[in-house]
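Student: Before we start, here is the structure in question, set down as structure tokens.
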Amino acid sequence: MNRYHLILDAAGEGVCGLDMNGHTTFVNPAAQKMLGYTEKELIGKSQHDLIHHSKTDHQPYPVEECPIYAAFKDGVIHHVDDEVLWKKDGTSFPVEYISTPISEGGRLVGAVVTFRDITARKQAEQELIQARDEAERANQAKSQFLSQMSHELRTPLNAILGFSQLIDTNPKEPLTASQQQGVGEILKAGRHLLDLINEILDLARIETGNLSLSIEDINLNDLVEELLTLSLPLAKNKNIELYNYVSLEGELYIRADRVRLKQVLLNLMSNAIKYNNVNGSVKLNARESIDGMIEISISDTGQGISQDNLPNLFQPFNRLGSEHSTIEGTGIGLTITKQLIECMDGSIRVESKLKEGSVFTITVPKGEKDLASEEFFLEPVLKDTEKGKEKKKYVILYVEDNPANLNLVRHLFRRRSDVELLAAPDAKLGIELAQAHRPDLILMDINLPGMDGTTAMKYLQNKPETQDIPVVAISANAMPRDVKQGLAAGFCDYLTKPLDVAEFHRVVAEILQAERAQ
């Protein structure tokens, strides 16, 4: 008994004994100190009346509802962490306690209650909740600011790039050599600024957790072929050979977001070419690792990276000295690449030697072949005209006030003999053309002069002759919130500027196929 008393007296937690009536049979010094009562005041007293009340009004609630008695009601140990005990001075404190039944001869005779003051823990939890709420509010404010700035920056930049392209490609008023060089510098700087805007927005979306991913099974061989096609013009400028060893592994499938993975690989390929030596080479390899992941590596024969610089490789805006060279770059690409791969449950590593080259390897989850997948193609359909004749063309209306954007879409459809493109510089004319021609599809800019694109779309939906025409938004408002709001407003899809050509063709083809099937 002396040993037990020594243990109870030395315990830092409060320990009390209760009989079957809930009266205190023993109490240790820690419990006396926490509750502010003496041993004499507690022994024989009902804990329910003294210290166990409701959390708000300090009034006893029915004994049968008192959690502290639960153990000797059903003979089971109870752990409670959402109760308060009241002190003698009328203040209370949150507790975590364990109520353990005591049996003698197979008969319940009471319980032992062990409790601790968790005020500090509750305060820490509340501080964490407040910090989380403040972080969420800050993220929302940051997202709103980025959305506004994205549009404000893209709008004048579209004008800069659009008019520069028009000046540069005007056959009726050819430029002199010096003028052409100046326009070329404007285009070069404008595109660099656009890249910087896009990458900063990507980085911000990842950091705020607003990046949405569409994970699917992807044929790696098809993606690599697409990647090589996009990289070939850049490689030709430096006479660099591109080698594809991925196809030698047979069909490989990976699970990732196709657009984001393409962005990652394209950035790594672009770096492998830009930082390579003239007449060098870039090799793509892929293999299945032991743990069931797919490893994709891109190796080059370029300048390499020193061991001192490798730890700084993925830091934003750190170009490792290349900012003093003629090689273009923003210093954000690799930072985004690393974070995108990690968002897709993958990883990235690099091996490099100065003057020998670098090998960047990304690891992504293995996928399965999707037997249900199929390619989308634009196919001509027969439409009746007002004169009763037939024509084999889709009619697509693009409502856009920016000439550069309009020219881009014209070029995208130039190779398709089955598409007739109509254009309107504002919503009013767009509505008139839609009512007159009843196109198969309408592509609608959002920020139009006068009536905005969303209002124009709703107007078309309310007119019997145009209500069934699908309308796709094309906008520089590229934040996830903007896309969500556009889809909720009634657009059948939402594409962001600058356009992803492959995604643009996929969306258009999918909608037109659905129209044909109706």
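The values are calculated or read from the model by the stated rules, or taken from the named source; none is laboratory data. This structure is a prediction, so every number in the text was calculated from the model and none was measured. Neighbour counts are summed over all protein chains in view; Cβ atoms, including those assigned to glycine, are modelled from backbone coordinates with ideal geometry.
Student: Mind listing whichever residues of the stretch 30-39 are farther than 21 Å from Leu6 by Cβ and either in a helix (DSSP H, G or I) or of a type in the set (A, V, I, L, M) (or both)?
Tutor: Result: Leu35, single match.
Student: In the stretch 78-113, which residues are outside any strand (DSSP E or B) and either touching a Phe, Trp or Tyr at 6+ places or on another chain (Cβ under 9 Å) or not small (Gly, Ala, Ser) (or both)? Explain how you work it out, then say what you get.
Tutor: Of the stretch 78-113, the ones outside any strand (DSSP E or B) are 87-91, 105-106.
Of everything in the stretch 78-113, those that are outside any strand (DSSP E or B) and either touching a Phe, Trp or Tyr at 6+ places or on another chain (Cβ under 9 Å) or not small (Gly, Ala, Ser) (or both) turn out to be Lys87, Lys88, Asp89, Thr91.
Student: Could you check, for the stretch 243-256, whether at least one of its residues is closer than 18 Å to Ile348 by Cβ and of a type outside the set (A, V, I, L, M)?
Tutor: yes
Student: Based on what the data block shows, is Gly367 modelled with pLDDT of 85 or more and more than 15 Å from Ala272 (Cα to Cα)? Even if it seems obvious, please write down each step before you answer.
Tutor: On the way: modelled with pLDDT of 85 or more: yes; more than 15 Å from Ala272 (Cα to Cα): yes.
Answer is yes for this residue.
Student: In addition: Do you know which of the residues in the stretch 300-318 that are in contact with a Ser or Thr (Cβ under 7 Å, 6 or more places away or on another chain) and of a type in the set (Gly, Ala, Ser) is nearest to Asn221 (Cα to Cα)?
Tutor: Gly302
Student: Still on this model: Any residue that is modelled with pLDDT under 80 and surrounded by 15 or more Cβ atoms within 10 Å (Cβ to Cβ) - is there at least one of those in the stretch 433-446?
Tutor: If we filter the stretch 433-446 for residues that are modelled with pLDDT under 80, which is where we start, we get none.
Within the stretch 433-446, none of the residues are modelled with pLDDT under 80 and surrounded by 15 or more Cβ atoms within 10 Å (Cβ to Cβ).
Student: Give me a count of the residues in the stretch 405-461 that are over 24 Å from Ala514 (Cβ atoms) and part of a loop (DSSP other than H, G, I, E, B).
Tutor: Qualifying residue count, the stretch 405-461: 8.
Student: Could you identify the single residue in Ala124, Ala111 that is out of contact with any strand residue (DSSP E or B) (no Cβ under 9 Å at 6 or more places or on another chain), modelled with pLDDT of 80 or more and not assigned by TED's automatic domain parsing to the domain that holds Pro403? Can you show your working first?
Tutor: Numbers: Ala111 fails: out of contact with any strand residue (DSSP E or B) (no Cβ under 9 Å at 6 or more places or on another chain).
So the residue among Ala124, Ala111 that is out of contact with any strand residue (DSSP E or B) (no Cβ under 9 Å at 6 or more places or on another chain), modelled with pLDDT of 80 or more and not assigned by TED's automatic domain parsing to the domain that holds Pro403 is Ala124.
Student: Quick one: which of Met20, Met1 is modelled with pLDDT under 85, in contact with a Gly (Cβ under 9 Å, 6 or more places away or on another chain), farther than 23 Å from Asp81 by Cβ and of a type outside the set (Lys, Arg)?
Tutor: Values: Met1 fails: in contact with a Gly (Cβ under 9 Å, 6 or more places away or on another chain).
Being modelled with pLDDT under 85, in contact with a Gly (Cβ under 9 Å, 6 or more places away or on another chain), farther than 23 Å from Asp81 by Cβ and of a type outside the set (Lys, Arg) holds for just one of Met20, Met1, which is Met20.
Student: Taking only the stretch 462-500 into account, find how many residues are assigned to a helix (DSSP H, G or I) and either in contact with a strand residue (DSSP E or B) (Cβ under 8 Å, 6 or more places away or on another chain) or among the aromatic types (Phe, Trp, Tyr) (or both).
Tutor: As a first pass, look at the stretch 462-500 and keep what is assigned to a helix (DSSP H, G or I): 480-489.
After this cut, where a residue has to be either in contact with a strand residue (DSSP E or B) (Cβ under 8 Å, 6 or more places away or on another chain) or among the aromatic types (Phe, Trp, Tyr) (or both) as well, the list is 482-483, 486-487.
Count: 4.
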